[in-house]
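Just so you know, all these numbers are worked out from the coordinates, no wet-lab data involved. None of these values were measured; they are calculated from a predicted model. Note that each Cβ is placed from the backbone with ideal geometry, even for glycine, and that neighbours are counted across all protein chains shown.
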2 protein chains.
Amino acid sequence: MNPEAEKILAGDPLAGARLISLLEDRDPLGIEILKDLYPLTGKAFLIGITGPAGAGKSTLVARMIDHLRGRGLRVGVVAVDPSSPFSGGALLGDRIRMQSRATDRGVFIRSMGARGRPGGVGRTAREAALVMDAMGYQAVVIETVGAGQGEIEVSRCVHTTAVVAVPGMGDEVQAMKAGLSEIGDVFVVNKADCPGADEMVQLMEQIARHRRCAPDAWCPPVIQTVAVQDRGIDGLIDRLFQHRLYLESTGRLAARRACNQLHFFRQLVVDMATTQLLQDSPELASIQKELGHGGIDPYTAAEKLLKRRLPA
Amino acid sequence: MNPEAEKILAGDPLAGARLISLLEDRDPLGIEILKDLYPLTGKAFLIGITGPAGAGKSTLVARMIDHLRGRGLRVGVVAVDPSSPFSGGALLGDRIRMQSRATDRGVFIRSMGARGRPGGVGRTAREAALVMDAMGYQAVVIETVGAGQGEIEVSRCVHTTAVVAVPGMGDEVQAMKAGLSEIGDVFVVNKADCPGADEMVQLMEQIARHRRCAPDAWCPPVIQTVAVQDRGIDGLIDRLFQHRLYLESTGRLAARRACNQLHFFRQLVVDMATTQLLQDSPELASIQKELGHGGIDPYTAAEKLLKRRLPA
């Protein structure tokens, strides 16, 4: 086993940070280390937190860290939200709170920008969660801004997904309705002391009901929180663990893991194939030159490259 | 030339709708027809309209159609926003207005859901715009909900991108700031008669300034509109055409076209390679089985598949 992998298993935070950086850079060394670690992962409870920008997800996650620590768990956080205080878009209060957590060895926080190659963050977020899992963090929270593919992607990395919105976000939530009903295991109305909370609860309940409640199916609950006042967080965490227990007791955890792993494999295939096909090569250069001169259309150009590089 | 392609060039709306459906289904026949048409495209002015859900983009586009028609132009619209009235998430007033336009041969509207394969809508939206271009629509508007990759993707399909927001969307816009400053050629504060309009104008101006204003660079203007009252739309359209003129007069239009075409080619390579690599095959099945049993990790599995299918 790679000595770096051993450091990760011993929970070394510097080695953890180094490995995640290697993985972000797609460094082959990072992948070699992660291959060593992969069979030893699968112990952490992976929780996804998603919802529109401005839903107070980061404050909620900050409070969740406190409560999970209070329950004696080591907590990892992967923040993909570009507006997250973890990644610098801070409310000052939260940022300070996070810094106080920075000295707690039971908490490991990593933020990553949501930009870059399409689908790339889904991969890197999953890889960061794998690293934290290998480091012995028992709960790993992936926070991502839900918008388009983002919330679908995160649900494929985790065991339990919480969808968060605040009063007044009716339009955004309506627009994301179909996706949210597909992925939400727990729905959270944050800032539940603000005007319009009842309407948002009703909307969330309507979305939650979209999931068929067959006799043994999970019926997603709608939880109210006021994260800045630390209200409702314990109830939220109880529900997340109830969902986890439900997955375990019905045999669905194994199925979800298998499904997530298959999705990850297919994502890797696409990602690696893209890198190989689009890296500088005389073939690619000559096809792109022909395309630039108008000699061929983009379809013919793509087919030409694939015919040479990817024989049937 | 395929007889269907000839119908498209003659502007036949039924043939246009048929072809876009074929392309949505990734039907090889659709691609064959589009290959015939491709060399004849490039005449339309392609305009992207993006911004957070709830910014009133669809109402704005509805008014833009009227004004563009008023200037004697034939107008195509590709609506990728799932909350767009064009795709059924309607404000009743707008939907009726759109229906009245449905009898106008000078307007062609096509809506598509934002879900599906990642990156898939970018491709289909661009293809739909190509079809409308071939049909003789002089202005083609692509409306998409800006969220994560969405707004970046649309800017790579068009010549000019307008970013729309409304008062009170400070959080969402802040979160998308970096991306918006990169892509916005024109910034629009819609519902400019609502409280908070000045703050949103300031925020937009701040984002617009992020684009270096070198002596001959385009400095993105910030426009105020009240789409429901049809106010400010003519000014917006003037600015869009000014940007187009700027691109033409500085030689940047050709560069932008080339850059968009190259991006499209690379998107097609990834898309086609993905389809080929992940379609059912005995190789894929056996690797996935091994992965499912825990015999190999996802990285090794992906490498194994690529080693066989994509030799260096």
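For the reader, a short list of remarks on this structure follows.
- Relative contact order (%) - segment A:174-278, alpha-carbon pairs under 8 angstrom, separation at least six: 23
- Taking amide H as placed 1.01 Å from N in the peptide plane, the amide H of A:Ile223 sits under 5 Å from that of A:Phe187, A:Val188, A:Val189, each at least 5 places away or on another chain.
- Based on DSSP H segments of at least four residues, each scored -39500 (n - 2.57), chain A has a per-residue ellipticity at 222 nm of -17000 deg cm²/dmol.
- Gyration tensor (alpha-carbon) shape descriptor, the protein assembly as shown, a/c threshold 1.5: oblate
- Bridging of A:Lys177 to lysines at a Cα separation below 30 Å is possible for A:Lys57, A:Lys191, B:Lys57, B:Lys177, B:Lys191, once same-chain residues fewer than 8 apart are set aside.
- 0 to 90° range, to nearest 10: angle between helix A:57-70 axis and chain A longest Cα axis: 70
- For B:Lys35, the lysines whose Cα comes closer than 28 Å to its Cα, not counting residues fewer than 8 places off in the same chain, are A:Lys289, A:Lys304, A:Lys307, B:Lys7, B:Lys43.
- Relative contact order of chain B, taken over Cα pairs closer than 8 Å and 6 or more residues apart, is 18 percent.
- Ascending count of other beta-carbon atoms within 10 Å, so fewest first, for A:Ser281, A:Ser155, B:Ser286, A:Ser111: B:Ser286, A:Ser281, A:Ser111, A:Ser155
- Angle in degrees between helix A:282-292 and the longest Cα principal axis of chain A, rounded to the nearest 10: 80
- Computing FRET efficiency as 1/(1 + (r/R0)^6) for A:Leu262 and B:Glu6, where r is the C-beta to C-beta distance and R0 is 60 Å, gives about 0.85.
- Cα-based equivalent ellipsoid, segment B:267-309: semi-axes from gyration tensor eigenvalues, Å: 21, 11, 8
- Cα-based shape type of segment A:221-309, given that a ≥ b ≥ c are square roots of the gyration tensor eigenvalues and the cut on a/c is 1.5: prolate
- Angle between chain B longest axis and helix B:28-37 axis [Cα atoms, degrees, rounded to 10]: 50
- Nonlocal amide H pairs with B:Phe108, under 5 Å, H built at 1.01 Å: B:Val75, B:Gly76, B:Val77
- The length gained by stretching the chain between B:Ala255 and B:Lys289 to full extension, at 0.36 nm per residue less their Cα-Cα distance, is 7.5 nm.
- Gyration tensor verdict on chain B (Cα atoms; rounded if a/c is under 1.5, prolate if a/b is larger than b/c, oblate otherwise): prolate
- Alpha-carbon centroid distance for the pair segment A:238-269 / segment A:1-78, whole angstrom: 17
- Gaussian network model of chain A, Cα within-10 Å springs - most flexible of A:Gln288, A:Gln242, A:Gln224: A:Gln288
- Each of B:Met1, B:Met272, A:Met200 was scored by other Cβ atoms within 10 Å of its Cβ. Listed from fewest to most, they are B:Met1, B:Met272, A:Met200.
- Note on B:Asp198/B:Leu245: beta-carbon distance plugged into 1/(1 + (r/R0)^6) with R0 of 35 Å gives a FRET efficiency of 0.75.
- In terms of surrounding Cβ atoms within a 10 Å radius of their Cβ, A:Lys304, A:Lys289 rank from fewest to most as A:Lys289, A:Lys304.
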